[in-house]
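To start, the structure under review is shown below, and the notes come after it.
Computed from the coordinates by the stated procedures, all read-outs in this text should not be read as laboratory data. Note that this is a predicted model, so its numbers are computed, not measured. Cβ placement follows ideal geometry from the backbone for every residue including glycine, while neighbour counts extend to all protein chains displayed.
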Amino acid sequence: MASSSNLDHVKEWQDRATKLTPLNLKQIEKPLAELDAHLTLRSHIVGYGLTEADTTVWRTLRENRVAHAYIKQGLMVNLSRWFRYIEEAYPETALPTQPVKTAKGDDSKNEKDEFTSYDIGLQDTEHGVVTRFPPEPSGYLHIGHAKAAMLNDFFAHKKYKGTLLLRFDDTNPSKEKQEFQDAIVEDLALMGIKADKTSHTSDYFKELYEYCVQMLNEGTAYADDTPQEILKKERMDGIASARRDASIEENLANFEKMKAGTEEGKKWFIRAKMSVDDPNKALRDPVIYRCNPQSHHRTGDTWKIYPTYDFCCPIVDSMEGVTHALRTTEYKDRDAQYQWFLKTLRLRHVYNWDFARMNFIRTLLSKRKLTKLVDAGVVWGWDDPRMPTVRGIRRRGCTIPALQEFILKQGPSKNIVNLDWTTFWATNKKYIDPIAARYTAVEQDNAVTCTVVGARAAPYAEDKELHVKYKELGSKKVWYSQHIIIDQADAQSFAQDEEITLMNWGNAIVRSISHSVNPLNLLTGHKVVTGLELELHLQGDFRKTEKKITWLSKDQELIPVELVDFDYLITKDKLEEDDVLEDVLNPKTEFRTSAWADCNVANLKEDDILQFDRKGYFRVDKAFKHGQPAVMFQIPTGRSK
């Protein structure tokens with residue numbers, strides 16, 4: 001018999017199950033993470049056998065579209081393991097009473113994880129797999145970094161049940177900040193990525209220094225002070241540096257000057273003695289150490305010299321037990337360099353594997369260029385909805401499950417293509433449609449007041465569903481009265497005695513139209529509709545009308561909203577090397593429309609996702625408060641405007 005304590009815990013988890021059916025994604029992330037943590041060393045939620053805690057939570061997850069997306073993709077390891085175990089071990093108990101529906105209402109397809117079929121041919125996986133994600137804390141994660149992080153996580157945790165390391169490549173104190181490091185950790189957590197260990201390249205500065213001294217002593221590295229322009233030309237032309245054959249004593253002495261951070265030391269740098277004229281220019285004596293007296297955000301003024309990424313990456317990978325270094329194809333030419341360091345320093349072997357980076361049309365993914373946009377004030381910051389950062393696209397209205405699905409579907413292909421954002425946003429639409437309650441908005445500019453003949457004299461409200469297909473979203477108040485407002489564009493399309501449909505009400509006939517000529521358009525004779533008289537014709541068939549019109553009763557609290565849409569930051573699909581950033585910036589990328597929304601919008605919170613009928617999907621960036629308009633960002637859906 002179950003103990004009273006266990007029964008209390010069962011009841012607790014049954015109550016918690018109600019938290020797994022919220023109305024937006026932000027609310028659901030925390031309870032799912034708590035459940036995943038609770039299941040770390042458990043096969044059952046309470047005790048050592050099946051209880052109603054398991055069956056209640058399992059059914060709730062199975063029937064909730066957003067939660068089920070996490071389960072299906074294996075994004076939370078413990079939660080996914082438990083979910084499959086309950087399904088397989090207790091099929092007669094756990095199966096839900098109805099199939100899961102997609103956003104279109106169809107029965108879901110084969111639930112088998114479509115991503116587990118990836119086979120990229122990793123070598124020696126039978127001995128264990130350890131991958132690493134090594135971001136530089138010099139900016140926020142963008143969608144390209146997200147792909148690298150997700151693939152490393154996928155192959156470490158889901159494909160091979162191995163280990164994922166998160167290592168901050170903090171070797172450039174001029175660009176790095178604690179702010180960026182904290183943001184990276186937060187963004188990875190939002191994407192469902194949890195590293196088994198976190199470290200910093202700066203943890204190994206002493207060891208890296210000693211390896212560099214070893215190379216200088218063994219004649220496989222040398223100190224150089226060749227001016228940068230000459231150095232660049234010599235490497236391009238395959239010409240040896242005048243310092244290449246300096247003595248060991250000279251090299252060590254100059255390295256000590258660098259270490260001291262003196263004015264003389266700042267002129268020097270260390271190069272690996274690989275090759276002068278190898279066809280692979282990455283092997284032409286690359287720089288491995290530089291002098292930079294600037295204070296480091298973690299180590300302070302301890303060091304005045306810092307290793308380059310190409311030098312420290314293979315060394316620290318080997319030291320930390322990485323088995324497979326997965327990275328984008330832009331590093332392909334440097335794989336030979338990576339292996340040279342391992343062999344020269346007699347370090348444990350690490351395999352390289354390359355996958356294509358993710359490029360999008362009319363999108364900057366260069367951290368240097370993105371930083372320039374932020375510093376110049378072209379955008380509001382790293383979380384600007386026009387930015388391709390994880391925070392930017394989330395602020396635009398992208399859901400984390402959609403981001404995960406889109407990236408994992410790109411897979412580990414080595415083919416570099418320029419992706420179109422329409423496919424990305426079309427994926428997102430599948431996730432937001434079932435959670436986007438429907439509301440109504442009318443543009444304030446030249447909104448047309450209509451008199452509705454046949455309406456009740458006294459205003460009244462009725463409860464209507466927030467979403468006709470997803471009734472679990474609840475209901476809203478729709479107000480009816482003799483005085484309504486509609487969009488100017490709709491009013492201008494009406495003809496005398498035309499029958500139209502007022503959505504959520506019924507048909508009406510246009511009985512009179514009042515116009516005025518806009519002074520700004522006297523030459524064109526453009527007329528503005530100033531008023532309408534509509535006669536209700538509720539017995540009319542809405543299926544036969546061409547125009548279905550959104551409207552708002554004036555006899556309710558109309559909520560001011562600002563609808564914001566965005567365009568691409570740059571005007572070219574693909575930037576060329578000689579393009580000047582300032583020349584390709586889009587001069588206007590932000591479009592704001594003031595509108596009135598129905599009274600229910602006053603209850604929306606920041607991050608809520610909604611749809612204004614006939615206007616599109618929006619994310620609440622700023623909720624209505626103290627009479628200040630709510631600010632809502634339009635979410636693309638993958639369709640051309």
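Things to note:
- Restricted to the range 593-626, and to residues there that are without any contact (Cβ under 8 Å) to a residue 12 or more places away in the chain and not in a strand (DSSP E or B), the residue that is nearest to Glu465 (Cα to Cα) is Asn603.
- Identity of the residue in the range 536-552, assigned to a loop (DSSP other than H, G, I, E, B) and in contact with a helix residue (DSSP H, G or I) (Cβ under 9 Å, 6 or more places away or on another chain), that ends up farthest from Cys450 (Cα to Cα): Lys547
- Scanning the range 135-162 for residues that are surrounded by fewer than 21 Cβ atoms within 10 Å (Cβ to Cβ), in contact (Cβ under 8 Å) with a residue 60 or more places away in the chain and not in a helix (DSSP H, G or I) yields Glu136, Ser138, Gly162.
Yes or no, residue by residue, for (1) more than 30 Å from Leu534 (Cα to Cα); (2) touching a Pro at 6+ places or on another chain (Cβ under 6 Å); (3) of a type in the set (D, E, K, R); (4) buried (at least 21 other Cβ atoms within 10 Å of the Cβ):
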position: Cys398; (1), (2), (3), (4): yes, no, no, yes
position: Lys409; (1), (2), (3), (4): yes, no, yes, no
position: Pro412; (1), (2), (3), (4): yes, no, no, no
position: Ile416; (1), (2), (3), (4): yes, no, no, no
position: Asp420; (1), (2), (3), (4): yes, no, yes, no
position: Lys430; (1), (2), (3), (4): yes, no, yes, no
position: Ile435; (1), (2), (3), (4): yes, no, no, yes
position: Ala441; (1), (2), (3), (4): no, no, no, yes
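- The residues of the range 154-184 that are touching a strand residue (DSSP E or B) at 6+ places or on another chain (Cβ under 8 Å) and farther than 11 Å from Glu136 by Cβ, listed by number, are Phe155, Ala156, His157, Gly162, Thr163, Leu164, Leu165, Leu166, Pro173.
- Complete set of residues in the range 214-245 that are surrounded by 15 or more Cβ atoms within 10 Å (Cβ to Cβ) and not in a loop (DSSP other than H, G, I, E, B): Met215, Leu216, Ala221, Tyr222, Ala223, Asp224, Leu231, Glu234, Arg235
- Residue check for Ser199: surrounded by fewer than 13 Cβ atoms within 10 Å (Cβ to Cβ), within 43 Å of the chain's Cα centre (by Cα) and not in a helix (DSSP H, G or I): no
- Criterion applied to Lys257, Lys267, Lys281 was being crowded, with 17+ Cβ neighbours inside 10 Å and without any contact (Cβ under 8 Å) to a residue 60 or more places away in the chain, and the one residue passing it is Lys257.
- You will find that of Leu370, Leu403, the residue that is out of contact with any helix residue (DSSP H, G or I) (no Cβ under 9 Å at 6 or more places or on another chain), closer than 18 Å to Ala149 by Cβ, crowded, with 17+ Cβ neighbours inside 10 Å and touching a residue at least 60 places away in the same chain (Cβ under 8 Å) is Leu370 and no other.
- Among the conditions (1) under 25 Å from Asp541 (Cα atoms); (2) over 39 Å from the mean Cα position of the chain (by Cα), the only one that Asp463 does not satisfy is (2).
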